[in-house]
There are 4 protein chains.
Amino acid sequence: MTFTSARKLEHIDIVRKGGVEPQETTLLEYVRIVHRSLPEANLEDIDLSVKLCGRELGAPLIITGMTGGHPDVEPINAAIAEVAEKFGIAMGVGSQRAAIEDSSMIHTFSVVRERAPHAFIVANLGGAQLAKGYGVKEALKAVEMIRADAIAIHLNIGQELFQDEGDTKFSGVLEKVAELVEEMPVPVIVKEVGTGLSAEDISALRSVGVKCFDVAGLGGTNWIKIEALRSKAKHGAPLRDPASIADLWGNPTAIAIVEARNAAPDAYIIGSGGLRDGHDVAKAIALGADVGGFAAPALRALSAGREGLERYVSQILYQLKAAMLMSGSKRPQDLWLAGITIWGRLKDELESRGINIGSYLNSRAMTLLWRRRDNDI
Amino acid sequence: MTFTSARKLEHIDIVRKGGVEPQETTLLEYVRIVHRSLPEANLEDIDLSVKLCGRELGAPLIITGMTGGHPDVEPINAAIAEVAEKFGIAMGVGSQRAAIEDSSMIHTFSVVRERAPHAFIVANLGGAQLAKGYGVKEALKAVEMIRADAIAIHLNIGQELFQDEGDTKFSGVLEKVAELVEEMPVPVIVKEVGTGLSAEDISALRSVGVKCFDVAGLGGTNWIKIEALRSKAKHGAPLRDPASIADLWGNPTAIAIVEARNAAPDAYIIGSGGLRDGHDVAKAIALGADVGGFAAPALRALSAGREGLERYVSQILYQLKAAMLMSGSKRPQDLWLAGITIWGRLKDELESRGINIGSYLNSRAMTLLWRRRDNDI
Amino acid sequence: MTFTSARKLEHIDIVRKGGVEPQETTLLEYVRIVHRSLPEANLEDIDLSVKLCGRELGAPLIITGMTGGHPDVEPINAAIAEVAEKFGIAMGVGSQRAAIEDSSMIHTFSVVRERAPHAFIVANLGGAQLAKGYGVKEALKAVEMIRADAIAIHLNIGQELFQDEGDTKFSGVLEKVAELVEEMPVPVIVKEVGTGLSAEDISALRSVGVKCFDVAGLGGTNWIKIEALRSKAKHGAPLRDPASIADLWGNPTAIAIVEARNAAPDAYIIGSGGLRDGHDVAKAIALGADVGGFAAPALRALSAGREGLERYVSQILYQLKAAMLMSGSKRPQDLWLAGITIWGRLKDELESRGINIGSYLNSRAMTLLWRRRDNDI
Amino acid sequence: MTFTSARKLEHIDIVRKGGVEPQETTLLEYVRIVHRSLPEANLEDIDLSVKLCGRELGAPLIITGMTGGHPDVEPINAAIAEVAEKFGIAMGVGSQRAAIEDSSMIHTFSVVRERAPHAFIVANLGGAQLAKGYGVKEALKAVEMIRADAIAIHLNIGQELFQDEGDTKFSGVLEKVAELVEEMPVPVIVKEVGTGLSAEDISALRSVGVKCFDVAGLGGTNWIKIEALRSKAKHGAPLRDPASIADLWGNPTAIAIVEARNAAPDAYIIGSGGLRDGHDVAKAIALGADVGGFAAPALRALSAGREGLERYVSQILYQLKAAMLMSGSKRPQDLWLAGITIWGRLKDELESRGINIGSYLNSRAMTLLWRRRDNDI
Ligand SMILES: Cc1cc2nc3c(=O)[nH]c(=O)nc-3n(C[C@H](O)[C@H](O)[C@H](O)COP(=O)(O)O)c2cc1C
Ligand SMILES: Cc1cc2nc3c(=O)[nH]c(=O)nc-3n(C[C@H](O)[C@H](O)[C@H](O)COP(=O)(O)O)c2cc1C
Ligand SMILES: Cc1cc2nc3c(=O)[nH]c(=O)nc-3n(C[C@H](O)[C@H](O)[C@H](O)COP(=O)(O)O)c2cc1C
Ligand SMILES: Cc1cc2nc3c(=O)[nH]c(=O)nc-3n(C[C@H](O)[C@H](O)[C@H](O)COP(=O)(O)O)c2cc1C
């Protein structure tokens, strides 16, 4: 078994123990969706279906990539896949590097397609691997391994910098991503892992053709914190102590979503990082995302078995439907027309980033028109 | 006894136990009425009388609709009615559906008119019932049952969505309300139940002729929370778990009042939801309401009998008079000319809703002129 | 002994016990005086002398009116007078009504002039007494009783409204004050007692000739709270329960000072209400006051005897000098040129009151020029 | 041994015990550096070298002046010097007055040059000494004593005012500083000691030729507090009680840095006062400083010996490198181009000081161009 594989298991353990979220939050607590008492719709009129990266989902939700690469985690992937299949939601796998390096690990990933023959499944490779030599060949392998509908490239510079064995080469990733966009048979999603994409990076990536983003903002699972905990457990104190960076560094999810939509009005945007219920998903979409995503809560729900995860997802979807009905939204993207208020720190930070809130909120409607005209991107 | 009837009793019990208010507040704590040291008036000059929906009240206060429909609650309605009669304040009854379905329940409502022959009494039906078929016929029955001065239609979509047996059809309510406005011999009040009316809904309702609104905003009794508690008590966990929606969803009372007045400058507006003393009532009026209202505190005051409620109301009225005198206001609507300050989150949220605070505060005076010219609406 | 006299003693007792300050603060905690590292002055260059209402003080400080009218409080007045004499600061006496009603009480006030032959002493009568018939005759008596340099008329509507035996007539006070301004041989100061003067009242008073104000804002001793405590102690519950008014009603000191200076650029303004050290006094002056004042802390310092008060005042003066030197101010009014910052709630509230902070801060310099030109008002 | 010398030891003891930071913070907690997921750089590309006052440093860090002047503190200076030499960072010594008054103390300072033959070493004298007669002669002595690369004049008016034996003459310091700038063979740095330089002082000093500043803002070690603690320990209560001045007076570090850069776009600015990790250093630089500095944490790290300090500095440098890489900055001054957000109190205070945040952030780039054109100042 490789180091990569063993590390995967340690990560799952640490996340399960909890305490892996930073002091800073998503800033979604500075957002309110205006309640409508008279929506002129029935609950049964709510239609959760959306398109994500050109394919239809049953609901605007994705369980983002976490695992694979170790025999012990195969049941996790299998359970998530079954739930994704059942609700028609999307699902990502964890980095497939372990299976590319060691083909005995392939089934820990491919189980996903077996259990979710129709779901939107996302393959996964790291930007750090691209920097070190991975390219179209490995990406194709990853996609084929699970007959993926898209491939996500995760950018986890924070994690690598504070991981004992972290890769600290990040040069050349943009060029490699551009190559993948050009060559891959499926859409390329660029994602963070909990520190949040920024307007600057979205713009750069959009300019080389990326049209799908998972912002994975600050406020949920924090990989700088996890690596510090892991190193501390091994050496008594973290080898590379992040100090306040573990709690304060990153683009909070609410900001990352707004920056992403503002920088890429025509892109598919997954709002994620710290989303914990259907209300959060509704806020993420209302702020400009196409769908909401989460990772760690799925792990925790699985402690009550597949049924636990099923119940959790079905509650999220009910809460989302309720939030939609109570804001007069029949389709998820109608949330882009819903009234929302923004205050305090979130307001100030967005203004600091040159984003006028009133204009931004209006501009969400433009994306909707665009989406409706093209019926896809 | 019907289910509707039994549920009524459970609700009263839960409210009495307390813990039914959301984490979010009314936001009235971000409002300050400017103190005047030199009001050039005496306490005896303060005249609390106002008009509400075309009829005069002894004071700008209403105990909003709560109950009826179960023999055990008849004493509650009787006591509130006696207090309303005594102070010349308005009173609503709870949803009359139980008595329309089962005539043996009528007296639990009609006791109100017996005990309050002169008070302004408000009949009550649910928007959800209108959506399912109720119409002018049932509304007339409700009004006649208690010789009501007005009928309130309550919009409680949040409650229905998270109630085990909730109705989730809300289509067609606006049209039905329009019909009632046209046909009913008494004014139609549209009210929320603690989640707050919004500018959008007020505008739609005003455009079909509604002239009386009870905003019933977030910050007081929260029906999403109550239904979750009720369901949890029955099933161990709520069947439809609202998660953070129970604590964070809704239009806070301060915002709902401003949005209502801004959207309907000529309407009668009841500011309610979380008002707990005469200071709160003064703030609600100063923000633009015609009268203040409350519900749950009446239940709690009744635990010390009718005298308890009497004492509570008389304290509220004294506090209101004091606040009026200390702001240089001889009549309740003079509070629309009083200086007030707004800060922090409330300021930001109102701006997010396109409301310029300075202009809005000035515009309150226009409603006053209007009211004085028409001597009614 | 009269009721008035007995009440005076109860008040002193309650204040000594503490817990008489409201939940709301002075808002001075949202003000920062810019530190200067290079003041180009020595401590000995700091000259604390100022003019107040046309007379020179040794330092910009007044212990505002508290007591007299009961034999037991005579030592309090005597001690404060000795301290005032020693430091050349001003001092007010409490309401002289008790001595006007009962001449046996005169010495409890006149002791002040005996012990402070040269100090600036302020006589005191209530606005409520003016409303009920007092006039020039009684005011002259009050002034002569202590050979006062000025007479303060206190406006305490909040206290009266929630005092068991409170007077609730406040009509006609302005006219009476105008008469006093016209007829009295000494300047008339209009003061609050802890609820804060407002721009509206200052303007009205300035227009009838009042040139001296003591804002006595919210954040320090709160008379609504004290009367509620007193009533509760007597009857188990307050007869007139102020509810949240006891904690939240009033114009905070920082706001009252700015409103006063803004409404009366040429007036003498005593900034008071909740000032507790020399830093607070410096902030009050920097915000626009001529001098700072306090009351309750003097009572508390006296629990260690006259020496206790002496030590307290001398510390305040040292802290004030330090704050002046560290802001490059040689004379108290140079603080009007010092840089200050204002944020958060105070900023928002001032803007709500139509006050542009930048312009206001600049305009403080105009008062300075005015003062220098006239060498008096 | 002189008093000066003994006091030095007491100070070190108090700082080691802790509790010497004010209630107010640096306000750096209202600053966020925008995270970049795609920096297109490798960790090894990060080059920490910068110029400070015309000389190159290995990293943008200085351990600012603390000690010397007592035999017991010589090991402290020796250890800091060795660490400075190792990392190529700058180091200041404490006030050299003790050694100028008593030549037996010289070695407690000169040990620094012995252990750090190549490091940037800063001599130190007090502004208060200049005011009392020190001049070029003493300054030359101080520089020669340690073959210093620069001399810092510390302005500690707050400390002097509340020190039992404090000097309270601050007149004439500016002129003396001007003389030093003219006559000294090395650059003159003007520094605070934890209360923060202001725009006004920076402008005055820049106008007499000072080009190097150490802002030493509020939020870290607080000398007013330390002197109050020291006096209290001796006399039971502080002789000169600073009251709230000990916790609230001063220019917070974040503000001091922005004011300094805004007032002196071409100067070298050391951002210091309360910086505790590499993230803080990155924020200080991003706000406009050239390098970051700290003092007290070095003392505390030394409780684990020289190795403790070495480990601490090496962690700070790693955190700084990480922050730079994660914000797309290859050189420290590239942080001036990094996105940052500012909110809440810091935003309001800067606006109060006439600083438009957007314009200010843009203007940082101008300093960069200037610096690159001149390749020095
Ligand atoms: C146990 C675990 C493993 C993860 N592994 C990966 C991974 O291999 N590749 C990836 O792109 N993201 C990975 N992530 C990041 C998630 O996809 C997600 O972006 C992040 O956890 C933030 O969402 P959350 O707050 O809902 O957990 C992992 C997350 C967790 C909790
Ligand atoms: C026990 C109880 C029962 C209620 N029942 C009704 C009802 O039948 N119809 C209605 O319009 N509102 C009903 N309400 C809502 C109240 O009229 C009011 O809008 C809401 O409680 C918010 O005000 P509060 O915070 O002062 O309680 C009820 C409230 C309570 C506490
Ligand atoms: C015990 C006590 C008695 C007072 N009596 C009077 C009074 O008779 N007349 C008056 O004008 N103010 C009176 N005041 C009000 C004070 O002058 C002052 O305005 C108020 O206490 C706020 O200042 P502080 O917070 O520093 O106490 C009294 C205050 C105290 C504490
Ligand atoms: C023990 C100690 C002694 C100090 N002595 C001096 C000094 O002699 N001269 C000086 O300019 N600053 C002196 N300082 C101030 C520091 O240089 C620095 O400006 C201040 O401590 C703020 O930084 P910090 O919060 O990182 O400690 C001293 C600081 C400490 C902790």
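Between the Cα long axis of helix C:357-374 and the first principal axis of chain C there is an angle of about 80°, rounded to the nearest 10. Evaluating 6.51 cos²θ - 1.76 cosθ + 1.60 at θ = phi - 60° for every residue in the stretch C:277-282, the Karplus couplings come out as 8, x, 5, 4, 4, 4 Hz, glycine and proline recorded as x.
When every alpha-carbon pair in the stretch B:238-335 is counted, what percent end up more than 16 Å apart? Pairs farther apart than 16 Å: 62 percent.
With neighbours defined as other Cβ atoms within 10 Å of a residue's Cβ, the residues A:H11, C:H35 order from fewest to most as A:H11, C:H35. Measuring r between the beta carbons of C:E101 and C:D72 and using R0 = 25 Å, the FRET efficiency lands at 0.90.
Can you give the Kirkwood hydrodynamic radius of the stretch C:1-50 from its Cα pairs, in Å with one decimal?
16.1 Å
Here the stretch C:338-377 and the stretch B:47-78 have alpha carbon centers that stand 49 Å from each other.
Shown in residue order for the stretch A:11-21 are the 3J(HN,Hα) couplings computed by the Karplus curve 6.51 cos²θ - 1.76 cosθ + 1.60 at θ = phi - 60°: 4, 4, 4, 4, 4, 4, 5, x, x, 10, 9 Hz (x for Gly and Pro). Using only the C-alpha atoms, the convex hull of the stretch C:3-373 corresponds to 125 Å³ per residue.
Average projection, convex hull of the Cα set of the stretch B:118-194: 5.2 square nanometres. The Cα-based radius of gyration of the stretch D:171-235, divided by its Kirkwood radius, gives an Rg/Rh of 1.11. Computed from backbone phi with θ = phi - 60° and the Karplus coefficients 6.51, -1.76 and 1.60, the 3J(HN,Hα) list for the stretch C:50-66 is 9, 9, 10, 6, x, 10, 7, 10, x, 7, x, 8, 9, 8, 7, x, 10 Hz; x is used for glycine and proline. Between amide H atoms placed 1.01 Å from N, distances below 5 Å from A:L287 occur with no residue 5 or more places distant or on a separate chain. Sorting B:173-179, B:193-199 by average packing, meaning the other beta carbons within 10 Å per residue, from highest down gives B:193-199, B:173-179. Separation of the stretch A:111-141 from the stretch A:10-44 is 28 Å, based on Cα centroids. Arranged from fewest to most other beta-carbon atoms within 10 Å of their beta carbon, A:E160, B:E182 become B:E182, A:E160.
How large is the helix-only mean residue ellipticity at 222 nm for chain A, computed as the sum of -39500 (n - 2.57) over DSSP H runs with n ≥ 4, divided by its residue count, in deg cm²/dmol to the nearest 500?
Only helices count here, giving -14000 deg cm²/dmol.
Within 10 Å of the Cβ of each residue in C:258-271, the mean number of Cβ atoms contributed by other protein chains is 0. Per residue of peptide D:191-197, the mean number of Cβ atoms on other chains within 10 Å of the residue Cβ is 2. Charge dipole (Cα centre; +1 on Lys/Arg Cβ, -1 on Asp/Glu Cβ; no other charges) of the stretch B:1-112 amounts to roughly 220 debye. Listed from fewest to most Cβ neighbours within 10 Å, the set B:S231, A:S103 follows the order A:S103, B:S231. The label point for C:S49 and the one for A:R147, both projected 7 Å from the Cα toward the Cβ, are 9.8 nm apart.
The angle between the Cα long axis of helix A:106-115 and the longest principal axis of the Cα atoms of chain A comes to about 30 degrees, rounded to the nearest 10.
Distance from the alpha carbon centroid of the stretch A:202-269 to that of the stretch D:232-290 works out to 30 angstrom. Around the amide H of A:T67, modelled in the peptide plane, lie the amide H atoms of A:G94, all under 5 Å away and 5 or more residues distant in sequence or on another chain. With a Förster radius of 41 Å applied to the C-beta separation of D:Q23 and A:K132, the computed FRET efficiency comes to 0.25. Taking amide H positions as modeled 1.01 Å from N, with prolines and chain starts lacking one, the residues under 5 Å from D:S272 and 5 or more places away or on another chain are D:V215, D:A216, D:G217, D:G293. Kirkwood radius and radius of gyration were both taken over the C-alpha atoms of the protein assembly as shown, and their ratio Rg/Rh is 1.00. Take the Cβ atoms of D:K232 and D:S314, set R0 to 45 Å, and the FRET efficiency comes out at 0.75.
Computed from the coordinates by the stated procedures, all read-outs in this text should not be read as laboratory data. From a predicted model like this one, the values you see are computed outputs, not experimental measurements. Heads up, the Cβs are rebuilt from the backbone with ideal geometry, glycines too, and the neighbour counts pull from every protein chain shown.
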